[in-house]
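Q: The structure follows.
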Amino acid sequence: MSNEQQHPEHAQEAFLDALFEESPINLAALLRACADGELNEQQCERLKKVIADRPEAPSQHDFEQALRGCCSRAMDKPQCPKALRDRVTSMAATAVAADQDAYAQQIEDSNSTTRNRSFWARTPAMGIAAAVLLSVAGVLVWQSASIFGVLSPSTPLNIEQASYSERVGQFVLGEHKRCCNDDAAEAKLIQHDISQASAYFSQQFERPVRLPQMEENQEQIRFYGGGDCHVPETIQSGHLRFDAIDPNGEAISVSLFIAPDPGVLPLEEGVTYRLSSSACDAAGARLFVWVSGGVQYLLVSEASDKTCGDVRDLMDAPRRIKQI
Amino acid sequence: MERDKFEQLALEHLDAVYRMALHLARKPEEAEELVQEVYARAFRSGTIERFEDKSAPDDMLSGSGGMRSWLFAICHNVFYTRIKKQSRQPTSVDSFYDESSTESLPDEAPPVWNQGDLNWEHVDGRLKSAIDDLKDEYREVLMLWGVDGLKYREIAEIIEVPIGTVMSRLHRARKLLADSLMGDEDIVNELGLRFHQATPEAE
């Protein structure tokens, strides 16, 4: 650690003292420091002597003081938007909960190591039986989740992941809603051939991007267009808009955001996660994310659960679902 | 410090952090992301133990030297780390000044003026536009100094540069603003501005 970092006040005094020693004296810098209230008493007295024969100095000093006031008035002083304030406040609450969970987990871990040997550990045969039963139960649970798309228990996020989840939710919802408007969509989503869009993004990401085969599914979904985007924490990303046809025959916009997986969220391949986002919840939208071949897919839409499920199937999203 | 008190204190400076984020990022949506990132880091488990309140005993509320400066430092670091990540290196002020604390500060005198009946709205409007044109490094220092009223040494700690560099950047920013005012004939007349001596223009 440098001397200046250890004693910033002393470093500043020494620096200003040195200005008096320069030849010729750096009067302009000292006048500014004086106008800013940065000189100590001795330095002020010393400056007074220096400027005694300079009639213009007081006016220059006043100009610098007035300029500071002007800067303060002229620079924007916006207030934090209410939605952001709410999000940050809720982050504080989440952090408390996370701390409490971690504490509870520590207690549980500690307790488990001091517990008596369990019933299943009393003989080797009982241990093997327990292992077999657990394996069978695990396979059954996994199969039921895979086959029926059951929502598995939520995966806990740390504070940074929760913050990212909120940010990405807000971003993709905003872009999705903006591009539901055809004028905005036309400007952004300039690729209208899905094969070309797939090739383009595969080349950009240097890994294959999987998009639905439109010819086979024209009754269920139509591709509107795709274009470059800027999903948070990604260098390159794409936004693709589809119009899904719901059971009543009405078209509902669905947005798919793709990017090389930034690795912020703890996503496992083979699982689709329903992502928590207060912005999407408030807008009645659903947000899903999955990773395949190193590409992160984010699907957002106000469509019903069933329509979202059908669209995910068309996109080859994993059928096993977890809340995150 | 207890977590409740820590969070309450941190949230009290949310407007100031947002203001700094907006001045750095310039776009509201990026500023919001930046603020969330700042608070995500601030609320991270274990941070409270490491937080050191350096504010004066009789000035706990202003946040000067304490919580506010600490949050500003996080905001500065997160913003410039992102810039580096995105390979959008800002133009360094090294091109104007050596960043060492032993550099010679430019000796360019402020204008002399005669305070009369001033149209401050006109001056402020002109300044606003000149401030918007400043580079990030200058605007950041100017904001911390002009709006938040921080001392040189506090600014130096926040942006992790020597005090001489803070003074240089402030000088540059003020010089550009003064030049902007001098370039407006109406303001020059209203303020009665004049340079006492020829000012070197080799910037």
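Q: What residue, among those in region A:164-192 that are part of a loop (DSSP other than H, G, I, E, B) and surrounded by fewer than 20 Cβ atoms within 10 Å (Cβ to Cβ), is farthest from the other protein chains (Cβ to nearest Cβ)?
A: Applying the filter and picking the extreme gives A:192.
Q: Go through region A:213-227 and count every residue that is without any contact (Cβ under 8 Å) to a residue 60 or more places away in the chain and part of a helix (DSSP H, G or I).
A: 2
Q: Could you grab the pairs with beta carbons closer than 7 Å, sequence gap of 6+ or different chains, first residue in region A:243-259 and of a type in the set (S, T, N, Q), second one at pLDDT 85 or above and in a loop (DSSP other than H, G, I, E, B)?
A: What qualifies is A:253/A:180; A:255/A:179.
Q: Out of region A:82-94, which residues are without any contact (Cβ under 8 Å) to a residue 60 or more places away in the chain and within 7 Å of chain B (Cβ to nearest Cβ)?
A: A:84, A:85, A:88, A:89, A:92
Q: Shifting gears a bit: Just for helices (runs of 4 or more DSSP H) wholly inside region A:19-99: which have at least 2 residues that are surrounded by fewer than 18 Cβ atoms within 10 Å (Cβ to Cβ) and more than 33 Å from the chain's Cα centre (by Cα)?
A: Hits in region A:19-99: A:41-51, A:57-74.
Each row is one residue, and each column tells you yes or no for (1) assigned by TED's automatic domain parsing to the domain that holds residue A:228; (2) hydroxyl-bearing (Ser, Thr, Tyr); (3) part of a strand (DSSP E or B); (4) open to solvent by 20 Å² or more (accessible area, probe 1.4 Å).
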residue	(1), (2), (3), (4)
A:239	yes, no, yes, no
A:247	yes, no, no, yes
A:258	yes, no, yes, no
A:276	yes, yes, no, yes
A:310	yes, no, no, yes
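Q: Here is a further query. Taking only region B:139-157 into account, find how many residues are open to solvent by 20 Å² or more (accessible area, probe 1.4 Å) and more than 7 Å from chain A (Cβ to nearest Cβ).
A: 2
Q: Out of curiosity, is residue B:166 touching a helix residue (DSSP H, G or I) at 6+ places or on another chain (Cβ under 9 Å) and open to solvent by less than 10 Å² (accessible area, probe 1.4 Å)?
A: So residue B:166 fits the description; yes.
Each row is one residue, and each column tells you yes or no for (1) in a loop (DSSP other than H, G, I, E, B); (2) among the charged types (D, E, K, R); (3) under 16 Å from residue B:83 (Cα atoms); (4) within 22 Å of the chain's Cα centre (by Cα).
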{"position": "B:9", "(1), (2), (3), (4)": "no, no, no, yes"}
{"position": "B:19", "(1), (2), (3), (4)": "no, yes, no, yes"}
{"position": "B:31", "(1), (2), (3), (4)": "no, no, yes, yes"}
{"position": "B:39", "(1), (2), (3), (4)": "no, no, no, yes"}
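Q: Additional query: Filter region A:213-229 down to the residues that are touching a His at 6+ places or on another chain (Cβ under 9 Å), of a type outside the set (D, E, K, R) and open to solvent by 30 Å² or more (accessible area, probe 1.4 Å) and list them by number.
A: A:223, A:224
Q: Same structure, new question: Find all pairs meeting these conditions: Cβ atoms under 9 angstrom apart; at least six residues apart or on different chains; first residue within region B:67-81 and open to solvent by 30 Å² or more (accessible area, probe 1.4 Å); second residue modelled with pLDDT under 90 and among the aromatic types (Phe, Trp, Tyr).
A: These pairs meet every condition: B:70/B:51.
Q: Then there's this: For region A:193-212, give me the residue count where each residue is in a helix (DSSP H, G or I) and open to solvent by less than 70 Å² (accessible area, probe 1.4 Å).
A: The total comes to 9.
The values are calculated or read from the model by the stated rules, or taken from the named source; none is laboratory data. Keep in mind the model is a prediction, meaning the values are calculated, not measured. Cβ sites come from the backbone with ideal geometry, for glycine too, and all protein chains shown count toward neighbours. To get the accessible areas, we keep the full protein, side chains included, count just its heavy atoms, and leave off ligands, DNA and RNA. Shrake-Rupley method; radii C 1.70, N 1.55, O 1.52, S 1.80 Å.
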